[in-house]
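Down below is the structure, laid out as structure tokens.
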Amino acid sequence: MKRYIGRILICVLPVLVSIIIVGWAYAKYTKGEGGFHLGVDLAGGTILVYEVDQSKMTEQARNTFKPEDLAASLKRRIDPADLFNVTIRPVPSDPPRVEIILPTGGKQQTRARSDEWQNVLRQVKDRFKLDGSDDASTLTLDDVPQGQFKELIDRLVNAHLKRDGKDVDPADVSKFIYGLEKQGADKRAFTGEEVENIKNLIQQQGRLEFRILANKTDDHDAIAAAEEYMKDPKNAERLKDLNIKGEPPPPPSQNGDRFFTASLHNESARREYSWVEMGKEELYSMQLNSGAENTPDSDTSRDGYRQAMWKEVKATRDHAAFSPPGQGQTLMYCRTIPNRERISARDREQGKNVEFFVLTRESDPSKEVTGEFLTSASEGNGDGKRAVNFSFNSEGASRFQELTTENQPTGPDANTSFKRLLAVILDGQVRSAPTLNAIIISSGQITGDFSQKAIEDLVRILRAGALPATLKSQPVSENTMGATLGEDTIFKGALSIGLAFGAVLIFMLVYYRFAGVVACFALMANLLLTVAFMVLVSATFTLPGLAGLVLMLGMAVDANVLIYERLREERERGASLPLAVRNGYDRAFPTIIDTHLTSIFTAIVLYVVGNDQLKGFGISLTVGLIISLFTSLYVTRTIFDIFLGNNWLHSLYFMQLFKRPNINFMRIRNFFFALTVGATVVGAALFIYRLDKGGLNIDFVGGTAYSGQLTEPVDLLTLRKALEREMTPDELKQLNITSDLPEVSIEQVFVNNPKFSQGDKSSLFTVRTSDKDAPKVQFIINHKLGDMLKRIEMKDPDIVAANGRASEATLEFAESADKGAADFASPAQVTMLLNKEFKDLGVRKFTVARAKGSLEQEGRFSKMRLDLAEPIPVDALKGALAKVQTEFHNTPQPERLENFDRQLAADTQQKALYAIVASWAAILLYLWIRFGSWTFGAATVLCLIHDLFFTLGAIALCHWLHWIPLLGQPVNLFGYPFSFGLADFKIDLPSVAALLTLVGYSVSDTIVVFDRIREVRGKNPLLTPTMINDSVNQTLSRTILSSLTVFLVVGVLYWFGGEGVHLFAFVMVVGVIVGTYSSIYIASPLLLMFGEGTPATQRGRNIAAARAADAAAAQA
């Protein structure tokens, strides 16, 4: 036994370490502290794909652009401390893209965050004795929104707490609270509201620049030229084109020369000028925001200025520049936005319909003052307003000093001196334009009409620095998954792994007995080592990744079957048990290496071309296959050697599927060739026919996927009847839309919760359509389903009124089916809807926060408190909130919303095609080298083409078969609904993963037969039908057994894996059957058709025949 200690340690120690790692990860996961790095499809969250806007890049910038730098800059901006587990990576394409994965954490993490927050509140109450009988006992903290530590500090500081009769130092409060925040920093995840905020951060490049606004004192010539250009009718068409494109007006020039003379403190300088858009903060301060145009008179002092301003705007809009009243030195231009699709969704929601530009003086390029010189940025306060304090490094300080020195106030004294305006420009918008009162050197302050969130975002952007490129305002792809579906996906994925593992174990134990026990230990070790490795390297666990683990089990069993069938053959030849074990492992070794390598090739290809979810599949399958080489070849061999060395094992008993089969496969090869060609042609025809008739999912054609929830479970027929109804022309006209949804597919989603799923009925569903307009898709689904769709209802608000005016209200939300049951709404959605209604009332400042006594679920609340900065008439507030109530009823929130751009879909098609062709090429080349002849590779690739088109044809055929009872529609069987689960499948990226996996599996089967042909053939140069028959018969048992074990695994995936892998599993079920058929009946006979082993000349054929006869005589 001592001689095996080293080998035992090599086998046992990794398994024990893996058990510890997996156990630790599971314990952390159940506590909501991470443990497993779950993908968005399991944990819930959002995947955004943004495209670089190359139209805003110079030629030099395009040549030097590095996508990795963009990804790193976005990471610094979104998640600088890596608290949220955000993944940002470049996507190779033209134009460049970047993928941003924002996890929301899942139910376990959500529950943990809620518990942690309650623990924070308990510690705060204990520390400051808020439940005592002192003055602080009236202070409540339960309504502080979860995770808002800053608001918690403000609430405590403003309460003027006392301890032992003395005031509590605010610094002690801050230190204690920030200490609690740091303790829970590793448990953070994005809420739905934060995801929306991240989208807004992404859209901003973050380029900061300081300029002086052009004025009539210093820049008279430039302003005159600009005014002349704007009012000249000959330039109207040019201005119109620029407006449509969303570009600023052209800079002023004289005879093509952009340089003008600027007078700076009696010194002349040649400068260029350009128009810059005014940001909303500066427009608010000037009362030029869209909502201010029709605001009722309320403040006489401000209203007079507003009326004069808008009078000037209306007189010059779209055809002339103007100087603002009271600020006559500067020059502005206003234009109407002709196509609101070119502005961001947020601007559309906020009612933006005009744009304002102001003329600015550009600095010398070598003296520009930009954000690249910033050393710090922090929140501050200036003149009673929120502000951002900033500091420069030495180079920035020198440039800023020069800029402010040449533009300092001019005049005899401070009261009568002329003062310039310093523009703070962020991403091409003037966010603030304060008066420059003195020379500034190393630090300054940005003030304006900012909200608290805007200030926090601005600080965040300035700290992270400018992005190396601007991203387009709208993502080309957006995939959002709710935590409810994610939790069910985890359950079904874990269930399928457990059932598949159990099925394989039972089969191996029954069929191979003691050897089966050895194989079961190896499989257990394989699974543990693979999961532990993925935990250690923080690999992402995705739904396809879980499917990869299941398939890995099936393929790992194949290695054991190969060894045991070889061992059986050795025993049948009369070898002793130790010799049979040695020869079985030695002779199976090259075949196992070949089969594993070909599968790893396809997994690597998948990792290279796949998205986040498919990368998880590629990793789990590749790692699992590599580890299975260790467990199947080393671990099991060690166990056999220990038992044989200690004389504990005297014999092995196996069941036997076939006993010396002698089927003449070559005699019927012509029939099967014809059958194969026919099946390939029919499959290809069906697939091609369905291509432009809804056969492809939105991954490949672009479009929208919407997952929603009904008020109660219904069957698929009822759901289809409601959604597939064609709308009449009058109905379309009434809804103000031009067309119904094209190419619609409808699926039901079944989860392990009787609240959502009961038998063949479910309240969860998914609709896919090639229409990319997500709001339109949502609108039409809402209209067609009507009261069937679950909606969040907002109860009548509780408004706190005084003297006919109100500034506070409590909003409560309930389920549509029962207004007494609480439901949850997102603060981001409530804020968006209120912004839309309040803009017409002139309400600019308000906050929405969690109300006291509110329940919380995944960042949503059952009650919220609305606070307005200034009271408004009660009737006006009631009217606005009534519209919000209606809007809530009309726009139910989807469980999942996925949007795919057509260009991205085209790229996905191209990638899928490249992946399949690349896997074929790799296999062809490998087999050519491995077997020394191109015929082996060519025969394998032709079999793969047959397998591919047969499987694709089966997918297309399901479009017509899924309506048939029992096949697709459930029938009552022994009191339970049952069907074979066929659906109107559409090809998507996970199904391409299955096709690539099928490539690896089918090749493995074929390689086993080819290896045996090489062995049977020996040194004989000829390949005869008899040799092929012998080889196929000798490997028939192994082929059927391997197919059976893999079929067990993919069958479990098909029945229990859930909707996310249903098509994936279907592809594998069909593929296992057709792959087994092709490896037996097609691959080997093709070698004869290609002339393998046949000399090119008659003389060569005669010599080869003579040598073959000699070899046969020698063997006899």
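Hey, what angle do you get for helix 483-512 against the long axis of the chain, alpha-carbon based, 0 to 90 degrees rounded to 10? Approximately 10 degrees, to the nearest ten.
Exposure proxy for 273, 284: other Cβ atoms within 10 Å of each Cβ, ordered fewest to most, give 284, 273.
Using the alpha-carbon atoms, what tilt in degrees (0 to 90, nearest 10) does helix 514-536 show relative to the longest principal axis of the chain? Around 20 degrees separate the two axes.
Out of the GluC sites (Glu not before Pro) in the range 355-403, which ones are loop residues according to DSSP with at most 16 other C-beta atoms within 10 Å? Before the final figure, lay out the partial values.
Values: sites: 355, 362, 368, 372, 379, 395, 402; in loops: 362, 368.
In loop regions of the range 355-403 (DSSP not H, G, I, E or B), the sparsely surrounded GluC sites (Glu not before Pro) are 368.
Based on the mean of other Cβ atoms within 10 Å per residue, sort peptides 645-652, 520-527 so the most packed one is first. Display every interim value, and only then the final one.
Working: 645-652: 11.0, 520-527: 22.1.
Result, highest mean Cβ count within 10 Å first: 520-527, 645-652.
A straight Cα-to-Cα reach below 16 Å connects residue 75 with the lysines 66, 199, residues fewer than 8 places away in its own chain not being considered.
Loop-located trypsin sites (Lys or Arg not before Pro) in the range 978-1079 (DSSP state not H, G, I, E or B) with no more than 13 neighbouring Cβ atoms inside 10 Å: 1019.
Remark: relative contact order (the range 708-787) = 40 percent; criterion is Cα-Cα distance under 8 angstrom and separation of 6 or more residues.
By other beta-carbon atoms within 10 Å, ranking 319, 1062, 160 with the fewest at the front produces 160, 319, 1062.
Think of it as helices only: each DSSP H run of n ≥ 4 in the chain is worth -39500 (n - 2.57), and spread over all residues that comes to -17000 deg cm²/dmol at 222 nm.
Mind ranking 771-783, 943-955, 13-25, 550-562 by how tightly packed they are, going by the mean number of other C-beta atoms within 10 angstrom, highest first?
Values: 771-783: 17.9, 943-955: 23.2, 13-25: 15.8, 550-562: 26.5.
Descending packing order for the listed peptides: 550-562, 943-955, 771-783, 13-25.
Among 261, 470, 766, what is the fewest-to-most ranking by other Cβ atoms within 10 Å? It would help to have the intermediate numbers written out before the result.
Working: 261 13, 470 22, 766 19.
In increasing order of surrounding Cβ atoms, one gets 261, 766, 470.
Kindly identify the chain as rounded, prolate or oblate by the Cα gyration tensor criterion: order the square roots of the eigenvalues as a ≥ b ≥ c, call it rounded if a/c is under 1.5, otherwise compare a/b with b/c, prolate if a/b is larger, else oblate. Prolate. Compared with the dominant Cα axis of the chain, that is its longest principal axis, helix 774-785 is turned about 80°.
So, by mean Cβ neighbours within 10 angstrom, what's the order for 958-965, 223-230, 684-691, 275-282 with the highest one leading?
275-282, 223-230, 684-691, 958-965
Note: relative contact order over the range 45-105, using C-alpha pairs below 8 Å and six or more positions apart, is 49 percent.
Given a Förster distance of 30 angstrom, what is the FRET efficiency for residue 795 paired with residue 725, based on the Cβ-Cβ distance and rounded to 0.05? Calculated value: 0.40. Here the gap between residue 963 and residue 715, fully extended at 0.36 nm per residue and compared with their Cα-Cα distance, gives a gain of 88.0 nm.
Placing one equal scatterer on every Cα of the range 954-1082 and applying the Debye formula, the log10 ratio I(q)/I(0) at q = 0.18 Å⁻¹ is -0.96.
Laboratory data are not the source of any read-out in this text; all were calculated from the coordinates shown. Remember, predicted model here, so these are calculated numbers, not experimental data. Using ideal geometry, Cβ is built from the backbone for each residue, glycine included, and neighbour counts are taken over all protein chains shown.
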